[in-house]
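Okay, so here's the structure we're looking at.
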Amino acid sequence: MTGIAGKVVAITGASSGIGEATAMYLAERGARLVLGARRKERLQAVAERITAAGGTATAAVVDVTRRADLRTLTGTALDLHGRLDVLVSNAGTMAVSPFDELRQDDWDAMVATHVTGLLNGIGAALPVFRRQRAGQFVNVASTAAYVIKPPQGVYAATKTAVKVLTEALRQEAGPHLRVTLVSPGFTDTEGVGKGGSPQVAAALARRSEEIAMPPSAVAAAIGFAIEQPDGIDVGEVVIRSTAQD
Ligand code: NDP
């Protein structure tokens with residue numbers, strides 16, 4: 001199926017930021033959406049906005065660190081629409097801090113959300129895509145997977161893992177599957193400056209105010225990868241504002 005209209009797309013981390021913007025972008029172009037995140041009310045508000053505008057969206061409470069929740073997400077797509085065309089693995093947390101602060105719960109959360117969460121998505125969607133002999137993974141990493149700056153070590157490591165896993169999956173995907181990595185730079189979302197070391201978070205938020213791009217720019221990059229004709233795989237998109245070094 002070429003284009004966006006009619007495709008069944010599941011998005012993790014759809015309750016805010018890049019995930020929400022991607023949901024709006026794809027819904028406006030006729031995708032049928034299944035939206036996953038933990039905050040039920042925020043998620044439902046996004047789904048309701050889409051349906052009120054004539055689109056198709058269903059909210060499913062999902063914690064990507066739980067394997068069963070990803071199966072619920074893909075299962076909801078299959079139950080409602082009979083298929084799943086794209087899984088956008090976008091859920092993430094930028095709890096950045098210097099190692100010396102020993103914020104080990106934050107380290108664990110980033111590993112669980114970015115690495116285990118991505119693997120849980122692959123585990124849930126790959127069998128579906130194989131059965132259909134069609135499907136696309138879109139995995140959201142970060143420019144932090146390319147340029148490591150202190151004190152972003154754990155965040156950068158987990159996003160580097162997303163990059164490596166995506167490329168490995170692409171190489172094993174075969175002719176029927178598409179696998180795309182989207183790596184945004186600073187993006188104006190509530191996720192920047194939330195969590196991690198308060199001083200670092202404040203500095204990131206200030207930097208973001210100066211140089212961030214809108215989440216709609218990342219949504220359009222994800223849309224570009226999805227709308228390609230069958231057989232064309234956008235492997236990697238790195239997108240940042242011109243103000244970012
Ligand atoms: P937001 O905080 O706005 O969005 C993060 C989303 O992930 C929310 O919907 C949140 O929903 C969800 N989420 C977090 N943890 C979990 C979990 N365990 N299970 C399910 N959903 C979860 O930030 P962004 O939109 O900026 O972040 C989206 C992605 O983009 C992340 O992967 C981030 O690392 C990446 N990114 C962001 C950049 C930026 O500058 N903003 C730059 C580069 C990459 P809920 O809390 O409801 O579960």
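The values are calculated or read from the model by the stated rules, or taken from the named source; none is laboratory data. Everything quoted here is computed from the prediction, not taken from an experiment. In this analysis, Cβ positions are derived from the backbone assuming ideal geometry, glycine residues included, and neighbour counts consider all displayed protein chains.
Within segment 83-100, is even one residue surrounded by fewer than 17 Cβ atoms within 10 Å (Cβ to Cβ), among the charged types (D, E, K, R) and under 18 Å from the mean Cα position of the chain (by Cα)?
The answer is no, given that none of the residues of segment 83-100 is surrounded by fewer than 17 Cβ atoms within 10 Å (Cβ to Cβ), among the charged types (D, E, K, R) and under 18 Å from the mean Cα position of the chain (by Cα).
I'd like to verify a number: residues in segment 1-47 that are in contact with an Asp or Glu (Cβ under 8 Å, 6 or more places away or on another chain) and not basic (Lys, Arg), how many?
Of the residues in segment 1-47, 11 are in contact with an Asp or Glu (Cβ under 8 Å, 6 or more places away or on another chain) and not basic (Lys, Arg).
Limited to segment 1-30, what total is found for residues that are in contact (Cβ under 8 Å) with a residue 40 or more places away in the chain, outside any strand (DSSP E or B) and among the hydroxyl-bearing types (Ser, Thr, Tyr)?
Residues that pass the stated criteria total 4.
Considering only residues that are more than 12 Å from the ligand (Cβ to nearest atom) and among the small types (Gly, Ala, Ser), which ones fall in segment 50-81?
Ala52, Ala53, Gly54, Gly55, Ala57, Ala68, Gly75, Ala77
Residue-wise test of (1) among the polar types (S, T, N, Q); (2) assigned to a strand (DSSP E or B); (3) free of Cβ contacts under 8 Å to residues at least 12 places away in the same chain.
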position	(1), (2), (3)
Thr113	yes, no, no
Leu118	no, no, no
Phe129	no, no, no
Val138	no, yes, no
Ala144	no, no, no
Gln171	yes, no, yes
Thr180	yes, yes, no
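What is the one condition in (1) part of a helix (DSSP H, G or I); (2) within 18 Å of Gly235 (Cα to Cα); (3) aliphatic (A, V, I, L, M); (4) touching a Lys or Arg at 6+ places or on another chain (Cβ under 9 Å) that Val164 does not satisfy?
Result: Val164 passes all but (4).
Just checking, does segment 182-200 include any residue being away from the ligand (no atom under 15 Å from the Cβ) and either touching a strand residue (DSSP E or B) at 6+ places or on another chain (Cβ under 6 Å) or part of a loop (DSSP other than H, G, I, E, B) (or both)?
yes
In segment 31-45, which residue that is assigned to a loop (DSSP other than H, G, I, E, B) and near the ligand (Cβ under 6 Å from one of its atoms) is surrounded by the fewest Cβ atoms within 10 Å (Cβ to Cβ)?
Arg39
Among the residues of segment 82-97, is there at least one that is in contact with a Lys or Arg (Cβ under 8 Å, 6 or more places away or on another chain), away from the ligand (no atom under 15 Å from the Cβ) and assigned to a helix (DSSP H, G or I)?
no
Quick check: anything in segment 108-129 over 24 Å from Thr58 (Cβ atoms), away from the ligand (no atom under 14 Å from the Cβ) and modelled with pLDDT of 95 or more?
no
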